[in-house]
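> Take this structure first; my questions come after.
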Amino acid sequence: MQTITLRSETDFEGWRNAARSLLQQQVAPDQVHWRVTGSDGSLFDEPDRAVERPTPATFRVPREFLQLAQRVIVHRSPERFALLYRLLWRLQGEPRLLSVAVDEDVARAVAMAKSVRRDVHKMKAFVRFREVPADRGSAFVAWFEPEHRIVDAIAPFFMRRFAGQRWSILTPESSAHWDGEQLRFGPGVSRRDAPQGDAKEDLWRRYYASIFNPARLKVSTMRSQMPQKYWRNLPESQLIPRLVSEAEQRTASMIAAAPTGVRRAGLRPSQPNQQPSTASLEELRISARSCRACPLWANATQTVFGEGPSAARIAIVGEQPGDQEDLAGRPFVGPAGQLLDRALKQAGLPRSAVYVTNAVKHFKYELRGKRRLHKKPLDAEIAACHDWLERELAQIQPDLVIALGATAARSITGKTLGIERSRGHIIHRDGQPDLLITVHPSYLLRIPIERQDQELARFISDLELTRSYLHADSEPATPDLPPPQTPRPEDLARSPRRP
Ligand code: URA
């Protein structure tokens with residue numbers, strides 16, 4: 001019997017060198033005992049030096065096997081080294097072995113690889129970093145309990161994703177640390193050493209509660225996608241029992257409330273360019289319900305027209321209604337809308353005082369299972385809807401229009417503009433309302449969490465540029481004046497134009 005001693009539980013190189021050497025000597029799998037340094041109480045023993053020096057291989061190992069072995073090696077099962085060597089041994093005489101799914105060894109290895117892949121996926125999804133004070137500012141620390149020994153394998157993923165932050169991932173068996181330049185690995189720590197929460201978690205919980213859709217809840221799927229063992233490390237898990245228990249009632253009220261004013265039989269198809277230029281806002285809203293100017297009406301629940309004070313000084317234009325807007329029949333009521341409301345409030349513009357609409361009035365999506373995923377409108381769809389927007393704005397006559405994102409900017413200016421270059425200043429246009437172009441709030445929801453604070457601050461400061469429009473009939477704002485107080489909604493309604 002030969003004993004092979006590996007350096008660590010995840011020593012793939014050591015296993016590979018040993019396996020190569022054993023094959024060279026034609027040592028049968030049942031003649032090998034695999035162990036890890038220190039794993040059976042002998043803390044100071046050394047890896048087997050004889051097998052560290054690889055001998056040239058005499059048969060080509062299929063790449064597929066190496067990929068499988070790299071996954072299986074981090075599985076927690078103590079049998080993995082022996083199983084992999086047995087497979088390798090058999091591959092010499094059975095080159096197609098890996099395609100025999102019913103083979104007991106193959107099935108076992110494939111199941112182990114699958115379990116590791118799932119664990120990797122869960123770790124990517126459920127690691128939650130907490131901000132902690134550190135010597136130069138702050139760092140982010142996460143506690144996680146993976147099922148298998150995947151920390152070394154997954155750390156490069158977090159390094160790429162959060163390259164600009166200092167972070168540590170702590171687990172009971174090992175830890176990974178990124179200081180912005182170097183990735184290091186260390187021993188495991190106890191849960192007690194991990195931070196338990198930070199100030200941002202309330203914000204995260206509020207966001208989670210706002211995007212939780214009770215109508216889509218499937219408790220069994222939720223349990224399998226988000227197994228309960230991960231819950232204690234997730235800030236949002238505190239909310240889940242309440243959200244689940246309220247789901248039925250909330251769904252019932254959603255059904256009762258929505259959709260509103262939808263396709264009624266007998267509506268005559270309308271086109272935006274057939275509307276008289278004198279049509280009032282209410283007439284436009286009613287005609288838009290039966291718009292057939294592009295195909296998007298067919299899959300949407302209803303037309304989502306703009307809303308807000310008809311004498312608003314500021315109008316905001318988004319891209320198109322999302323899933324929740326489509327059901328509710330109102331613009332910006334879903335997650336992007338809630339973020340917009342908060343940003344407007346912080347910029348001193350209450351939502352109730354601005355007119356809010358979209359460049360495209362129907363929800364465009366693709367079905368993924370039961371989910372309706374947002375799809376960007378085509379130029380032709382933006383163009384088909386443009387007249388609604390133009391007539392709508394002609395009725396409101398705002399002093400300033402805020403375009404959120406590229407679709408809105410395209411509809412308003414007729415040009416494809418880079419948002420980064422166009423944002424941050426007011427554009428004065430002859431005979432037309434002034435224009436501010438900035439990012440769409442859903443962009444802020446998509447970017448990596450470590451950039452969100454900074455980008456939200458930029459978004460708010462773009463919106464703040466519009467505050468002087470509230471005081472257009474009073475003193476011009478100067479940089480020396482204290483920032484304007486949060487205006488009352490009535491301040492934002494345009495005073496009647498002087499003749
Ligand atoms: N995104 C938009 O552009 N508009 C909405 O109404 C909602 C989300």
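Every read-out reported here was derived from the displayed coordinates using simple, explicitly stated rules and does not represent laboratory data. Not measured: the values here are computed from a predicted model. All Cβ positions, glycine included, derive from the backbone under ideal geometry; neighbour counts span all protein chains shown.
> Restricting to segment 90-146, and then to whatever is β-branched (Val, Ile, Thr) and assigned to a strand (DSSP E or B), can you tell me which residue is nearest to Phe65 (Cα to Cα)? Full working, then the answer.
Going through segment 90-146, the residues β-branched (Val, Ile, Thr) turn out to be 100, 102, 106, 110, 116, 120, 127, 132, 141.
From the residues that got through so far, the ones that are assigned to a strand (DSSP E or B) too are 132, 141.
Details: Val132: 42, Val141: 35 Å.
Step by step, filter segment 90-146, then rank; the result is Val141.
> Out of all the residues in segment 332-375, which are closer than 28 Å to Gln274 by Cβ, β-branched (Val, Ile, Thr) and either away from the ligand (no atom under 13 Å from the Cβ) or part of a loop (DSSP other than H, G, I, E, B) (or both)?
Residue satisfying the conditions is Val360 alone.
> Related question: Out of the residues in segment 368-412 meeting the condition of being small (Gly, Ala, Ser) and surrounded by fewer than 19 Cβ atoms within 10 Å (Cβ to Cβ), tell me which one is farthest from Pro295 (Cα to Cα).
Among those residues, the one meeting the criterion is Ala394.
> Shifting gears a bit: Taking the residues in segment 376-414 that are of a type in the set (Ser, Thr, Tyr) and either away from the ligand (no atom under 15 Å from the Cβ) or closer than 22 Å to His428 by Cβ (or both) as candidates, determine which candidate is nearest to the chain's Cα centre (by Cα). So that I can check it myself, show each step before the final result.
Going through segment 376-414, the residues of a type in the set (Ser, Thr, Tyr) turn out to be 407, 411, 413.
Narrowing further to those that are either away from the ligand (no atom under 15 Å from the Cβ) or closer than 22 Å to His428 by Cβ (or both): 411, 413.
On the way: Ser411: 27, Thr413: 30 Å.
Ranking the candidates gives Ser411 first.
> Please specify each residue of segment 415-443 satisfying the condition of being touching a Phe, Trp or Tyr at 6+ places or on another chain (Cβ under 8 Å) and within 12 Å of the ligand (Cβ to nearest atom).
Hits for segment 415-443 are Val439, Pro441.
> Could you give me the residue pairs with C-beta distances under 6 Å whose first residue belongs to segment 409-424 and is on the phi < 0 side of the Ramachandran plot, whose second residue is in a loop (DSSP other than H, G, I, E, B) wherever it lies, and which are 6+ apart or on separate chains?
Partner pairs satisfying both residue conditions: Ala409/Leu417; Arg410/Thr416; Ser411/Ala359; Ile419/Val439.
So that you can scan it fast, the table gives a plain yes or no per residue for (1) within 19 Å of Glu9 (Cα to Cα); (2) surrounded by 15 or more Cβ atoms within 10 Å (Cβ to Cβ); (3) among the aromatic types (Phe, Trp, Tyr):
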residue	(1), (2), (3)
Asp119	yes, yes, no
Lys122	no, yes, no
Phe126	no, yes, yes
Phe129	no, yes, yes
Ser138	no, no, no
Val151	yes, yes, no
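> Collect the residues in segment 275-323 that are of a type in the set (A, V, I, L, M), more than 13 Å from the ligand (Cβ to nearest atom), buried (at least 21 other Cβ atoms within 10 Å of the Cβ) and in a loop (DSSP other than H, G, I, E, B), keeping them in residue-number order.
Within segment 275-323, just Ala293 meets the criteria.
> Given (1) of a type in the set (Val, Ile, Thr); (2) crowded, with 19+ Cβ neighbours inside 10 Å; (3) in contact with a strand residue (DSSP E or B) (Cβ under 6 Å, 6 or more places away or on another chain), where does Ile426 come up short, assuming only one miss?
Evaluating Ile426 over (1) of a type in the set (Val, Ile, Thr); (2) crowded, with 19+ Cβ neighbours inside 10 Å; (3) in contact with a strand residue (DSSP E or B) (Cβ under 6 Å, 6 or more places away or on another chain) leaves (2) as the failure.
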